[in-house]
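Structure, as structure tokens:
The values are calculated or read from the model by the stated rules, or taken from the named source; none is laboratory data. None of these values were measured; they are calculated from a predicted model. So basically every Cβ, Gly included, is an ideal-geometry build from the backbone, and we count neighbours across all protein chains shown.
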Amino acid sequence: MAISSMTGFARAQVRVAVGNEEQLGYTLTMKSVNHRFLDLQFRLPSGLDSLEMELRRVLKENLIRGHVDVTLSVDRSTQTRTGYNRELVSAYVAAFDAARKDFQLAGNPDLNAALRLPGALDGGERNGDDAGVLAASVLEQIGPLLEQLKTMRAREGEALEAILRGTLDRLAAATANVAELRPEIEQRYQERLAQRLSAAMGPEFDRQRVLEEVAVLVDRSDISEELARMTTHIEHFRELLSTGGEAGKKLDFLLQEMNREANTLLSKTGGVSGQGMRVTELGLAMKAEIEKAREQIQNVE
């Protein structure tokens, strides 16, 4: 199972019968982007609170992370009703007459303006039967819509995985190059320490004591553990990519650990002559690859 992106989009346009020779059209869309948790936002017509609760339950069962916007837009033009909201239009006319009398102005109510008021046509709000039919139809559509969203998120996840595996290959190559240079780096570091200690202690010094101090300092500057941990993290990262599922947070944590190892490697090898500059270049390249990967990981579910 591959990883999934949190970016996706799905849409369904449906016409459903709501009465004798009456039809209601609607568009159901679902859009998701990255988020630390599962954040669900609904834009539904009024009177569909129970539908929102059911949709929320279904989405929580199918999605792990992401900011998800669910929008239901009803196309009233598909309804065959020709009635109007008598109460709303009556209130408009009464308000017009009252204002005309209060300010002693001339003029007549505009029927076109009245019928353009929200809810003026089609009798205002849908009745309970219409709302029930609409809710039932939406619940039928949510399954295929989720599959459409998951398909797009999976496709985006494949692209992310390809990018991340390329990053891992470059990190592994840089780690191997540093491992090859490690013996020479340690030798250079030991020689530099011996020279400094000899210069500081003068012509009369205990050579054995100097060598013991050098050995201790060289051991503290050994980067073998950092290289071993970096290799382990890279392999663990690859395993998580292959396993898939809820991997985003785990991958992000691994990248933090990789960045820590790269920083330690750079601090231990700084100032070493010879191949030390090459190790610094490789360490900085590691950090750059890790940072690029962290940007990609923000969109992994």
In the set 222, 169, the lone residue that is over 30 Å from residue 59 (Cα atoms) and modelled with pLDDT under 90 is 222
Restricted to the stretch 242-258 and to residues being buried (at least 18 other Cβ atoms within 10 Å of the Cβ) and in contact with a Lys or Arg (Cβ under 8 Å, 6 or more places away or on another chain), the residue modelled with the highest pLDDT is 255
For the stretch 146-161, pairs from a residue that is in the same structural domain as residue 252 (by TED's automatic domain parsing) and in contact (Cβ under 8 Å) with a residue 60 or more places away in the chain to a residue that is part of a helix (DSSP H, G or I) and surrounded by 14 or more Cβ atoms within 10 Å (Cβ to Cβ), with Cβ under 7 Å and 6 or more apart or across chains, are 160/296; 161/241
Of the listed residues (16, 58), the one being among the β-branched types (Val, Ile, Thr), surrounded by 16 or more Cβ atoms within 10 Å (Cβ to Cβ), assigned by TED's automatic domain parsing to the domain that holds residue 143 and not in a loop (DSSP other than H, G, I, E, B) is 16
Original post:
Quick check: is even one residue across the stretch 197-214 exposed (fewer than 15 other Cβ atoms within 10 Å of the Cβ) and modelled with pLDDT of 85 or more?
Top reply: no
Among residues of the stretch 178-194 being at pLDDT 75 or above and surrounded by 15 or more Cβ atoms within 10 Å (Cβ to Cβ), the residue nearest to residue 285 (Cα to Cα) is 178
Considering residues that are closer than 15 Å to residue 252 by Cα and free of Cβ contacts under 8 Å to residues at least 24 places away in the same chain, the number found within the stretch 276-287 is 0
Contact list, first residue from the stretch 57-71 and at positive phi, second anywhere and of a type in the set (S, T, N, Q), beta-carbon distance below 6 Å, six or more apart or interchain, is 66/32
Just to be sure before I move on: is residue 164 buried (at least 17 other Cβ atoms within 10 Å of the Cβ), at pLDDT 85 or above and within 30 Å of residue 237 (Cβ to Cβ) in the structure I sent?
yes
Point to revise | So residue 286, is it under 31 Å from the mean Cα position of the chain (by Cα) and either farther than 30 Å from residue 37 by Cβ or modelled with pLDDT under 90 (or both) | key: yes
